[in-house]
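Data block below; observations after.
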Amino acid sequence: MKDADKELLKELVRLDVSQEDTELAKGVFEACEDVKDTLSNPLVTRDEKSGIIKRLFPESLHRVLMTAVADGSVERIEDILEEYTDILIDRQGSIKAVVRYVTPLTDTQQADLKKFIMDRFAKEDVDIEYRHDPEILGGFILNAGDVEYDKSYRTSLRQIREAMENRAAEVTDGSNDESDIISVLKTEVRDFTVRSGETETGFITRLGDGIARVRGMSGVMYGELVEFENGVRGIVQSLEEKTVGVVLLGDDRGLTEGSSVVRTRKRAGVGVSDELLGRVVDALGSPIDGLGQINAADYFPIEREAPGVIERKPVSVPLQTGILAIDSMFPIGRGQRELIIGDRQTGKTSIAVDTIINQKGQDVVCIYVAIGQKSSTVAQVVNTLKKYGAMEYTVVVCASASDPATFQYISPYSGTAMAEYFMSKGRDVLIVYDDLSKHAVAYRAMSLLLHRPPGREAYPGDVFYLHSRLLERSSRLDDEHGGGSLTALPVIETLAGDISAYIPTNVISITDGQIFLESELFNSGLRPAVNYGLSVSRVGGAAQTKAMKKAAGNLRIDLAQFKEMEIFTQFSSELDQSTTELLRHGHMLTELLKQPLYQPLPHYEQVILLYSAQHGLFDDIPLGELRQYRTDLMSYIRSYGQDIISEIEENKVLTDDLGERIERIVTAFEE
């Protein structure tokens with residue numbers, strides 16, 4: 001509240017304006033919307049404004065309203081009067097209550113009700129308003145303060161219907177005998193008791209753009225689910241002194257200012273079960289693929305505290321992407337968070353999809369969260385996963401660009417809740433957030449509508465916490481806590497390769513490394529377009545097998561030397577032999593690291609190719625023939641070198657003897 005508003009409030013208290021006059025003034029402002037505009041219009045003279053105030057408002061408020069006109073507080077006068085009303089109610093020790101009924105209450109019932117309210121709220125008096133409401137069918141509904149007591153027949157019948165539907169579904173699953181079902185339902189009706197008790201309520205004071213400002217519900221929690229009177233639910237995202245900000249999880253059709261809101265006393269979450277595998281769901285976990293309902297086995301909150309340090313164990317088990325350039329130089333381990341960053345159309349999603357496809361047969365559950373993508377793009381990803389048999393162990397969570405910002409905001413949290421369900425069962429899980437830059441934009445839009453103060457690039461001040469609390473949930477748990485793991489591959493889209501922008505730097509500082517994809521490399525034909533200088537894995541060799549670590553050797557150093565030498569010698573006409581060999585070897589390595597879409601390489605193939613390349617076995621192969629050469633070579637080894645493949649896959653170690661056998665079989669293939 002501004003200083004001028006506080007002074008007006010003090011003036012109302014000093015003048016001791018009655019509650020009757022205050023309500024009358026609020027009624028004038030509500031009935032005549034033009035009055036406020038006229039009083040705040042600088043073209044209207046002071047005498048004209050004084051005349052309007054004297055004609056329309058009680059005398060006790062004339063001085064206060066003229067002060068408001070003078071200091072420009074007229075626009076906020078209704079809020080000031082509302083605040084003053086609250087002060088009057090607290091001072092009088094009384095409370096407002098509304099009773100809706102069908103059959104009028106007797107004098108005895110009214111007296112008992114009044115005593116109950118005074119005892120419940122520890123007030124000396126209560127002002128009860130009685131309203132006839134035939135829609136509740138019978139009984140009554142009491143609203144006092146933020147609390148609602150629903151003793152209506154309408155609610156009782158709804159509870160009976162819900163109980164019958166749930167019970168009928170349970171019985172139908174276990175029996176096909178109609179007599180059994182009827183018998184159970186009769187018993188259920190006979191034993192049914194109405195769930196009575198108080199519910200904390202509020203009412204909408206402002207509504208628009210999927211955001212509701214709600215007054216009341218003084219005990220509501222941040223992140224709690226609330227239910228509006230049209231059945232739509234919302235999540236509390238802003239807590240203020242008198243009101244709360246709620247984002248709607250559905251259509252606001254049927255809601256207006258004054259519509260009631262009820263607390264559920266439950267944090268926002270999603271239903272989870274093994275039936276999610278192979279399905280496409282929205283941000284609330286509801287199926288959108290037309291394959292029927294998903295029966296929830298449990299309920300996981302979308303916001304959950306990350307595992308503590310004591311519950312975790314080091315990242316030491318590789319999660320193979322099947323992409324030679326990544327597994328050799330920027331390895332990803334189970335429980336790691338590796339950022340995929342680059343401009344649009346540089347192959348970020350392709351790396352994530354390749355990684356999901358490569359988990360086939362690895363007992364890894366994959367979750368792909370599409371945030372702000374076009375629906376056609378998501379459908380294309382789903383079709384690719386189906387084509388390569390990856391959909392059977394994958395869940396796709398879709399909050400497309402046409403969905404409200406609220407759905408785009410909660411979708412990665414919902415996906416993580418699903419991932420944590422599988423992790424709690426000891427499973428290894430891979431989750432892809434595609435992409436978090438659109439997630440931040442959705443959060444910015446939502447925050448500005450909630451009137452949070454904007455900061456850098458209009459993002460709210462807690463945008464770093466937005467992603468840190470999400471990515472901190474990725475971990476590898478110790479055996480005592482189930483032994484599961486959650487590996488995250490967040491995706492960030494940059495503009496013109498600027499990784500120093502606000503959101504990219506935020507996420508880089510949260511993750512355990514990044515794979516930077518460059519437009520120039522992509523356009524030059526290097527696919528995947530990984531920039532070996534800016535990419536890094538902070539887990540490093542801990543996430544590689546001993547065989548891969550030895551085979552990769554100094555690959556990254558060799559490529560760095562090649563790039564530097566290539567730039568240095570691009571204008572030279574005569575080169576010495578060592579420089580020529582270094583350039584030839586570098587060109588061969590660059591060509592070797594090129595990889596077609598959706599063709600991830602198994603671990604043994606990567607080890608054999610890298611070992612052969614590092615030992616100069618490919619240096620004499622023409623670059624244009626290298627791709628076909630390596631394909632034919634691996635077919636030959638699969639036919640005549642199964643002992644080599646078996647030893648690499650079983651022991652994950654590259655011994656000197658094994659290296660010599662690889663050299664011999666490659667030489668034999670050449671001959």
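The values are calculated or read from the model by the stated rules, or taken from the named source; none is laboratory data. All values derive from a computational prediction rather than experimental measurement. Cβ atoms come from the backbone with ideal geometry, glycine included; neighbour counts cover every protein chain shown. For the accessible areas, the whole protein counts, side chains as well, though only heavy atoms, and no ligand, DNA or RNA atoms are used. Shrake-Rupley method; radii C 1.70, N 1.55, O 1.52, S 1.80 Å.
In segment 415-445, what residues are in contact (Cβ under 8 Å) with a residue 24 or more places away in the chain and among the charged types (D, E, K, R)? Steps first, answer last, please.
First, pick out the residues of segment 415-445 that are in contact (Cβ under 8 Å) with a residue 24 or more places away in the chain: 415-443, 445.
Those that are in contact (Cβ under 8 Å) with a residue 24 or more places away in the chain and among the charged types (D, E, K, R): E420, K425, R427, D428, D434, D435, K438.
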Run P42 past the list (1) within 21 Å of L12 (Cα to Cα); (2) open to solvent by 50 Å² or more (accessible area, probe 1.4 Å); (3) out of contact with any Phe, Trp or Tyr (no Cβ under 8 Å at 6 or more places or on another chain) and report the number of the one that doesn't hold.
-> (1)
Among all residue pairs at least 6 apart or on different chains, which show Cβ distances below 6 Å where the first residue, located in segment 490-509, is over 20 Å from I351 (Cα atoms) and the second is surrounded by fewer than 14 Cβ atoms within 10 Å (Cβ to Cβ)?
-> Y502/R456; Y502/E457
Would you point out the residue of segment 594-629, among those that are farther than 27 Å from G389 by Cβ and among the charged types (D, E, K, R), that is most open to solvent (accessible area, probe 1.4 Å)?
-> D620
Every residue from segment 29-60 that is closer than 18 Å to L81 by Cα, of a type in the set (A, V, I, L, M) and at pLDDT 85 or above | L39, I53, L56
Unique residue being farther than 16 Å from I665 by Cβ, of a type outside the set (S, T, Y) and open to solvent by 70 Å² or more (accessible area, probe 1.4 Å) when the list is E591, E564 = E564
Taking segment 22-39, which residues are surrounded by 11 or more Cβ atoms within 10 Å (Cβ to Cβ) and among the acidic types (D, E)?
-> E23, D37
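Kindly provide the set of residues from segment 618-651 that are of a type in the set (G, A, S) and under 12 Å from I662 (Cβ atoms), ordered by number.
Taking segment 618-651 first, the residues of a type in the set (G, A, S) are 624, 635, 639, 641, 646.
G641, the sole residue that qualifies.
What tally of residues in segment 254-294 results from selecting those that are under 30 Å from I141 (Cα atoms) and of a type outside the set (A, V, I, L, M)?
First, the residues of segment 254-294 that are under 30 Å from I141 (Cα atoms): 254-269.
Right, trim to of a type outside the set (A, V, I, L, M) and you get 254, 256-260, 263-267, 269.
Here the count works out to 12.
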Do you know which of the residues in segment 501-523 that are closer than 25 Å to E457 by Cβ and in a loop (DSSP other than H, G, I, E, B) is least open to solvent (accessible area, probe 1.4 Å)?
-> T511
Residues of segment 8-21 being farther than 12 Å from E59 by Cα, among the acidic types (D, E) and surrounded by 13 or more Cβ atoms within 10 Å (Cβ to Cβ), which ones?
-> E11
Identify, by number, the condition in (1) out of contact with any Lys or Arg (no Cβ under 9 Å at 6 or more places or on another chain); (2) surrounded by 14 or more Cβ atoms within 10 Å (Cβ to Cβ) that L526 doesn't meet.
-> (1)
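Being out of contact with any Ser or Thr (no Cβ under 9 Å at 6 or more places or on another chain) and open to solvent by less than 20 Å² (accessible area, probe 1.4 Å) is the requirement here; does F116 meet it?
Values: out of contact with any Ser or Thr (no Cβ under 9 Å at 6 or more places or on another chain): yes; open to solvent by less than 20 Å² (accessible area, probe 1.4 Å): no.
Criteria not met by F116.
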Within segment 197-245, the residues that are open to solvent by 20 Å² or more (accessible area, probe 1.4 Å), at pLDDT 85 or above and β-branched (V, I, T) are V232, T243
(1) open to solvent by 80 Å² or more (accessible area, probe 1.4 Å); (2) out of contact with any strand residue (DSSP E or B) (no Cβ under 7 Å at 6 or more places or on another chain); (3) outside any loop (DSSP other than H, G, I, E, B); (4) at pLDDT 65 or above all hold for K186 apart from (4)
(1) among the hydroxyl-bearing types (S, T, Y); (2) farther than 30 Å from R427 by Cα; (3) open to solvent by 30 Å² or more (accessible area, probe 1.4 Å): which one isn't true of T494, the others all being true?
-> (3)
Is it the case that K123 is modelled with pLDDT of 65 or more, assigned to a loop (DSSP other than H, G, I, E, B) and charged (D, E, K, R)?
-> yes
Residues within segment 45-57 that are surrounded by 12 or more Cβ atoms within 10 Å (Cβ to Cβ) and of a type in the set (D, E), tallied | 1
Residues of segment 585-624 being at pLDDT below 90 and either among the charged types (D, E, K, R) or under 17 Å from P528 (Cα atoms) (or both), which ones?
-> D619, D620
Matching option when the condition is open to solvent by 60 Å² or more (accessible area, probe 1.4 Å) and over 20 Å from L601 (Cα atoms), among D643, D656, D632 = D656
Looking at (1) open to solvent by 50 Å² or more (accessible area, probe 1.4 Å); (2) at pLDDT below 90; (3) under 20 Å from F300 (Cα atoms), which is the only condition D191 fails?
-> (3)
Using beta carbons and a limit of 6 Å, which pairs, at least six apart or on different chains, have the first residue in segment 645-659 and in contact (Cβ under 8 Å) with a residue 24 or more places away in the chain and the second one among the β-branched types (V, I, T) and open to solvent by less than 70 Å² (accessible area, probe 1.4 Å)?
-> I648/V607; K652/T545
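May I ask you to list the residues in segment 437-462 that are more than 21 Å from A417 (Cβ to Cβ) and outside any loop (DSSP other than H, G, I, E, B)?
We begin by selecting, within segment 437-462, every residue more than 21 Å from A417 (Cβ to Cβ); these are 437, 441, 444-445, 447-461.
Listed by number, the residues that qualify are S437, V441, R444, A445, S447, L448, L449, P454, R456, E457, A458, P460.
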Could you please tell me which pairs satisfy a Cβ distance under 7 Å, a separation of 6+ or placement on different chains, a first residue in segment 58-83 that is within 16 Å of F29 (Cα to Cα) and open to solvent by 10 Å² or more (accessible area, probe 1.4 Å), and a second residue that is assigned to a helix (DSSP H, G or I) and aromatic (F, W, Y)?
-> E78/F29
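Being surrounded by 14 or more Cβ atoms within 10 Å (Cβ to Cβ), touching a Leu at 6+ places or on another chain (Cβ under 9 Å), in contact (Cβ under 8 Å) with a residue 24 or more places away in the chain and of a type outside the set (G, A, S) is the requirement here; does T487 meet it?
Working: surrounded by 14 or more Cβ atoms within 10 Å (Cβ to Cβ): yes; touching a Leu at 6+ places or on another chain (Cβ under 9 Å): yes; in contact (Cβ under 8 Å) with a residue 24 or more places away in the chain: yes; of a type outside the set (G, A, S): yes.
Considered against the rule, which asks whether it is surrounded by 14 or more Cβ atoms within 10 Å (Cβ to Cβ), touching a Leu at 6+ places or on another chain (Cβ under 9 Å), in contact (Cβ under 8 Å) with a residue 24 or more places away in the chain and of a type outside the set (G, A, S), T487 comes out as yes.
Rundown of residues vs (1) open to solvent by 30 Å² or more (accessible area, probe 1.4 Å); (2) modelled with pLDDT of 95 or more; (3) under 20 Å from the mean Cα position of the chain (by Cα); (4) of a type outside the set (K, R), yes/no style:
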| site | (1), (2), (3), (4) |
| --- | --- |
| Q345 | yes, no, no, yes |
| K348 | no, yes, yes, no |
| T355 | no, yes, no, yes |
| V364 | no, yes, no, yes |
| V369 | no, yes, yes, yes |
| V378 | no, yes, yes, yes |
| K386 | yes, yes, no, no |
| E392 | yes, yes, no, yes |
| S402 | yes, no, yes, yes |
Pick from segment 251-283, criterion within 15 Å of the chain's Cα centre (by Cα) and assigned to a loop (DSSP other than H, G, I, E, B), ranking: farthest from E305 (Cα to Cα) = D282
For segment 416-436, the count of residues that are open to solvent by 40 Å² or more (accessible area, probe 1.4 Å) and part of a helix (DSSP H, G or I) equals 1
